[in-house]
Amino acid sequence: MPRRRIPKSKQPSQPSLSSSVQGPSNLPHAFRTKEKTLELAQCMVALALQAPDFDPSLHALMGLTCAVRDPSVVERDLKALEKGCKESMREKLGLQEGDQVEVGDAEAKDLQDRLWGPQSRKVEHREMMELEQFPRLIEKIIVPTVQALCEDEGLNFATAGPDHRKDYMLVKGPGNQASSSTATNETLATFVSRNIEDGGEPKYSKEGLRVHSQFLASFEAKSHKGIDMRFLKMLLDGEEGRHLESVVLQAAWSVQEAKNGRFVFFFATPYYMLAELVQVDGKWHLLLDQVFTTVRDDPTEGNSRIAHRPLLALLLALFMDHKESFKIEGSSEEIKAKVREKVKELGAAWDPSQLST
């Protein structure tokens, strides 16, 4: 794909990790769809009437509490994929559990290279997560690999939602190509994507390439201290000045609503942050990894410390999570302790469980 260029006189601005950057303009304000507005209204009426059969602490939306940093999310996913691939090979070769096997070319640099070979580098470019390319990449590369690993050609790909906040689903059934209104799919795994490109005009390097998303950089910086995503507080205090909290809250709720959902991609191509929705002590939280790039040796990054993690392998891991031998391990006790510490810091003033007593 030809790269878009701009006059060389325009210089890219440098993102500040410490600054608070206004977020993307292409996301709606929180919860303005008809279905979500209706659900919120029902919750608020139940709260106001103190309905005996409504426990706000058990409602998924009301249980959303905070997002904290977990630098192991992506590594746990890739580790699960490699473990599952090795187990699959042992089964096919009739080997015992302790027997050593290698996935693909043992000399290859990483798991992605070993799975797909050198051709995987051809699709690993700055535009691979653009809205018109991302679904095609999943359909043409990831899904056939899932079918091969599961030995099931009945597995397919389906999507739901607008481009900037889309659900990507692995289904047992006809997928998006179903022509019959009676066709049914069984959703095996879902991950949610949230496009958080900066609002306003995109920024480019002098070579005409997109530069780092300032909002994503600000997002990562704030994740170190944890992010408050309590719905009641936002509802009563308003969204003014809390755009990041609104984006995180909407994303977490989308994962809750998705069938067999667990992970969400926040991306501003070619950069992404992967998050995992978890439940700790009855409340829901997002675990946020660091920002990674999909491109190795990015010419626009210079001395950037942004690490590369192979996107194809990561997407495959998310779709293979439905299979027991590829199951991604949960967060560590250390991270759960960090979650509890953040919950304690937030206090009980907006805890919905206090409203039912």
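Among the residues of the stretch 117-149, those that are at pLDDT 85 or above and of a type in the set (D, E, K, R) comprise Arg136, Glu139, Lys140.
Given the residues Leu155, Leu170, Leu149, which is the only one that is on the phi < 0 side of the Ramachandran plot and touching a Phe, Trp or Tyr at 6+ places or on another chain (Cβ under 6 Å)?
When all the criteria are applied, what remains is Leu170.
Residue check: Gly238 meets all listed conditions (1) on the phi < 0 side of the Ramachandran plot; (2) surrounded by fewer than 18 Cβ atoms within 10 Å (Cβ to Cβ) but one, namely (1).
Of all residues in the stretch 181-238, those satisfying the criterion of being among the charged types (D, E, K, R), at pLDDT 80 or above and touching a helix residue (DSSP H, G or I) at 6+ places or on another chain (Cβ under 8 Å) are Arg194, Lys222, Asp228, Arg230.
Would you check if Arg340 is surrounded by fewer than 18 Cβ atoms within 10 Å (Cβ to Cβ) and modelled with pLDDT under 90? Here the answer is no, as Arg340 does not meet what is asked.
Screening Glu276 against (1) in contact with a helix residue (DSSP H, G or I) (Cβ under 6 Å, 6 or more places away or on another chain); (2) without any contact (Cβ under 8 Å) to a residue 24 or more places away in the chain; (3) charged (D, E, K, R) leaves a single unmet condition, (2).
I'm trying to understand the selection: among the residues of the stretch 112-132, which are without any contact (Cβ under 8 Å) to a residue 12 or more places away in the chain and within 19 Å of the chain's Cα centre (by Cα)? Residue satisfying the conditions is Glu132 alone. One residue stands out among those in the stretch 68-82 that are in a helix (DSSP H, G or I) and buried (at least 17 other Cβ atoms within 10 Å of the Cβ): the one that is modelled with the lowest pLDDT, which is Glu82.
From the list Ala317, Ala307, the one residue that fits, being modelled with pLDDT under 95, more than 25 Å from Phe231 (Cα to Cα) and among the aliphatic types (A, V, I, L, M), is Ala307. Checked against (1) buried (at least 17 other Cβ atoms within 10 Å of the Cβ); (2) touching a Lys or Arg at 6+ places or on another chain (Cβ under 7 Å); (3) closer than 24 Å to Cys85 by Cβ, Gly154 passes all but a single condition, namely (1). Just a yes or no: is a residue in the stretch 97-105 out of contact with any helix residue (DSSP H, G or I) (no Cβ under 8 Å at 6 or more places or on another chain), modelled with pLDDT under 90 and under 26 Å from Glu220 (Cα atoms)? No, the stretch 97-105 has no match at all. For the stretch 269-283, the criterion of being of a type outside the set (Lys, Arg), at positive phi and modelled with pLDDT of 90 or more is met by at least one residue.
The values are calculated or read from the model by the stated rules, or taken from the named source; none is laboratory data. Remember, predicted model here, so these are calculated numbers, not experimental data. With ideal geometry, Cβ positions are generated from the backbone for all residues, glycine too; neighbour counts draw on all protein chains shown.
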